[in-house]
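Here's the structure, in structure tokens; my notes come after.
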């Protein structure tokens, strides 16, 4: 079962990770791990604890549409960006001119408007910057053997304008001869308990969406993580999750309703249906900001 790849990595870091005093907490850390998931017949929404699927999907659609206003998520009762878009945190990043909720030119902005001049979260950036995500889609459609189907969120010129520099910073797509679409990502920093399960599901969902648009089928995802860490405050919740490794369930399926979608902006939350998701209960803990 592919979930064990994640749980084995979690256990290894807990047992052998190096203690490090970092920007925001003491962590147990290992450098350079890889997680591989076959997504051709199931969807990697982990079952060792309940994963916040609503948050995964709302955030991904927010990215895909190039949005940077966390109030859009908050208004839909998704609060995963609240802390990093708070007045206090923005001021700590020397972003006092931003209104509360403005995240700056983060992930989705770089995906859809790479390096366009950033003038706030409420501006219209249509046809500004480089639309990396659509460039990838066009290559998948018309030049599927290209080795340049690549997207980056790491833009050194605009890092200081972001409320938080990106953690998952690059995506490379690969189309097999039988039109299976796979993706390999690099993540400079990975919160193994809260963030990585979220990133696994989000990456897989992005592949499903692009496959749906390009007449492909999902293949696999590989997450390469630089600093893979467990925060000190997450150690007990991690132990609780690891106790569930002997009562895992089959991974669910993701279905996307076809409504004649022809572009990224056509996809809405109600198009996505997770089926057969049976899991262990939620394990609550706080996000470390």
Residues being in contact (Cβ under 8 Å) with a residue 24 or more places away in the chain and either assigned to a loop (DSSP other than H, G, I, E, B) or in contact with a helix residue (DSSP H, G or I) (Cβ under 7 Å, 6 or more places away or on another chain) (or both) - total across region 82-97:
6
Consider only pairs whose beta carbons are under 7 Å apart and that are at least six residues apart or on different chains; among these, list those whose first residue lies in region 125-143 and is on the phi > 0 side of the Ramachandran plot and surrounded by 15 or more Cβ atoms within 10 Å (Cβ to Cβ) and whose second residue is at pLDDT 95 or above and in a loop (DSSP other than H, G, I, E, B).
129/115; 129/116
Of all residues making up region 21-62, the number that are over 15 Å from the mean Cα position of the chain (by Cα), over 30 Å from residue 179 (Cβ atoms) and not in a strand (DSSP E or B):
7
Residues satisfying the stated conditions in region 266-289, i.e. surrounded by fewer than 16 Cβ atoms within 10 Å (Cβ to Cβ), at pLDDT 95 or above and in contact with a helix residue (DSSP H, G or I) (Cβ under 8 Å, 6 or more places away or on another chain):
268, 269
Those residues of region 256-289 which are in a strand (DSSP E or B) and within 19 Å of the chain's Cα centre (by Cα) amount to 256, 272, 273, 274
Is it the case that residue 265 is within 20 Å of residue 139 (Cβ to Cβ) and touching a residue at least 12 places away in the same chain (Cβ under 8 Å)?
yes
Being free of Cβ contacts under 8 Å to residues at least 40 places away in the same chain and over 21 Å from residue 164 (Cα atoms) is the filter here, so list the residues in region 18-35 that pass it.
18, 19
Pick from region 168-183 the residues that are touching a strand residue (DSSP E or B) at 6+ places or on another chain (Cβ under 7 Å) and either modelled with pLDDT under 95 or surrounded by fewer than 18 Cβ atoms within 10 Å (Cβ to Cβ) (or both): which of them is nearest to residue 199 (Cα to Cα)?
170
Anything in region 150-167 that is in a loop (DSSP other than H, G, I, E, B), touching a residue at least 40 places away in the same chain (Cβ under 8 Å) and crowded, with 18+ Cβ neighbours inside 10 Å? List them, or say none.
153, 155, 162, 163, 166
If we keep just the residues of region 130-149 that are in a loop (DSSP other than H, G, I, E, B) and under 22 Å from the mean Cα position of the chain (by Cα), which is nearest to residue 67 (Cα to Cα)?
131
Taking the options 234, 229, name whichever one is free of Cβ contacts under 8 Å to residues at least 60 places away in the same chain and closer than 15 Å to residue 28 by Cβ.
234
Out of curiosity, is residue 15 touching a strand residue (DSSP E or B) at 6+ places or on another chain (Cβ under 8 Å), surrounded by fewer than 16 Cβ atoms within 10 Å (Cβ to Cβ), closer than 23 Å to residue 229 by Cα and without any contact (Cβ under 8 Å) to a residue 12 or more places away in the chain?
no
Check on residue 242, assigned to a loop (DSSP other than H, G, I, E, B), surrounded by fewer than 18 Cβ atoms within 10 Å (Cβ to Cβ), touching a helix residue (DSSP H, G or I) at 6+ places or on another chain (Cβ under 7 Å) and modelled with pLDDT of 95 or more
no
Go through (1) modelled with pLDDT under 95; (2) surrounded by 20 or more Cβ atoms within 10 Å (Cβ to Cβ) one by one and return the number of the condition residue 21 breaks.
(2)
From (1) within 30 Å of residue 16 (Cβ to Cβ); (2) modelled with pLDDT of 95 or more; (3) part of a helix (DSSP H, G or I), pick out the condition that doesn't hold for residue 193.
(3)
Residues of region 245-261 that turn out to be surrounded by 15 or more Cβ atoms within 10 Å (Cβ to Cβ) and in contact with a strand residue (DSSP E or B) (Cβ under 7 Å, 6 or more places away or on another chain), as a count:
3
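The values are calculated or read from the model by the stated rules, or taken from the named source; none is laboratory data. In this text, all values refer to a predicted model and were calculated from it rather than measured experimentally. Reconstructed Cβ throughout: ideal geometry from the backbone, glycine too, with neighbour counts over all protein chains shown.
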